[in-house]
């Protein structure tokens, strides 16, 4: 019934049994029936998916702590109760996919912010090194980094990393245990 309903709205569907060990990377949505007799296989399948790249909807006929934990462990975005009715099914599918897309957007923004923060930290550290080594102020240190980056046609982060690496290489090692003579 589910497969027929999905095909009517234009989805490409495939029913798989027994449960596969891996899911094809081209799959966007998985409907997974939660049966406690297959809990180990269900969790194995869910854990084999890289970076939670698939929207999981689970189908269950009862709620108990073990079932709920399995649903959480699968990172399900929606739960459909048995008996399945066509009304509400598409709403659950739409909301689940929308939540997954929103999560992916947030993950992308987070990754970008982490990179920006890391770059900012490296540039700040390089400015500190330049300021302590040459006696210039913070603004001049940044201008120096930017001028080098522009002349070499590389990023300011690359110049900052080079300054940090050179400083670490040329700085005297105060810890005698780390010396390799």
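The values are calculated or read from the model by the stated rules, or taken from the named source; none is laboratory data. Computed from a prediction, not measured in an experiment: that's the story for all the values here. Heads up, the Cβs are rebuilt from the backbone with ideal geometry, glycines too, and the neighbour counts pull from every protein chain shown.
Here are the numbers for this structure:
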read-out: Subset of the stretch 35-48 (residues that are loosely packed, with under 14 Cβ neighbours inside 10 Å and in a loop (DSSP other than H, G, I, E, B)); value: 48
read-out: Test for residue 94: is it within 22 Å of residue 1 (Cβ to Cβ) and in contact with a helix residue (DSSP H, G or I) (Cβ under 8 Å, 6 or more places away or on another chain); value: no
read-out: Residue pairs meeting the criteria (Cβ under 6 Å; at least 6 apart or on separate chains; first on the phi < 0 side of the Ramachandran plot and at pLDDT below 80, in the stretch 1-28; second loosely packed, with under 12 Cβ neighbours inside 10 Å and part of a loop (DSSP other than H, G, I, E, B)); value: 5/86; 22/48
read-out: Filter result (surrounded by 10 or more Cβ atoms within 10 Å (Cβ to Cβ) and closer than 24 Å to residue 90 by Cβ) within the stretch 17-34; value: 23, 27, 28, 29, 30, 31, 32, 33, 34
read-out: Hits in the stretch 56-69 (condition: closer than 19 Å to residue 100 by Cα and modelled with pLDDT of 85 or more); value: 57, 58, 59
read-out: Check on residue 120, at pLDDT 85 or above, within 24 Å of the chain's Cα centre (by Cα) and not in a loop (DSSP other than H, G, I, E, B); value: yes
read-out: Enumeration of residues in the stretch 73-102 that are assigned to a helix (DSSP H, G or I) and in contact (Cβ under 8 Å) with a residue 12 or more places away in the chain; value: 73, 89, 90, 92, 93, 95, 96, 97, 99, 100
read-out: Residues being farther than 12 Å from residue 163 by Cβ and over 38 Å from the mean Cα position of the chain (by Cα) - total across the stretch 127-151; value: 3
read-out: So residue 121, is it closer than 30 Å to residue 28 by Cα and surrounded by 11 or more Cβ atoms within 10 Å (Cβ to Cβ); value: no
read-out: Selected residue (criterion: farthest from residue 125 (Cα to Cα)) from residues of the stretch 150-174 that are in contact with a helix residue (DSSP H, G or I) (Cβ under 9 Å, 6 or more places away or on another chain) and in a loop (DSSP other than H, G, I, E, B); value: 154
read-out: Residue satisfying condition, being in contact (Cβ under 8 Å) with a residue 40 or more places away in the chain and under 22 Å from residue 63 (Cβ atoms), within set 43, 31; value: 31
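Here's the yes/no breakdown for (1) in the same structural domain as residue 167 (by TED's automatic domain parsing); (2) in contact with a strand residue (DSSP E or B) (Cβ under 7 Å, 6 or more places away or on another chain); (3) loosely packed, with under 14 Cβ neighbours inside 10 Å:
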position: 54; (1), (2), (3): no, yes, no
position: 65; (1), (2), (3): no, no, yes
position: 91; (1), (2), (3): no, no, yes
position: 102; (1), (2), (3): no, no, yes
position: 125; (1), (2), (3): yes, no, no
position: 138; (1), (2), (3): yes, no, yes
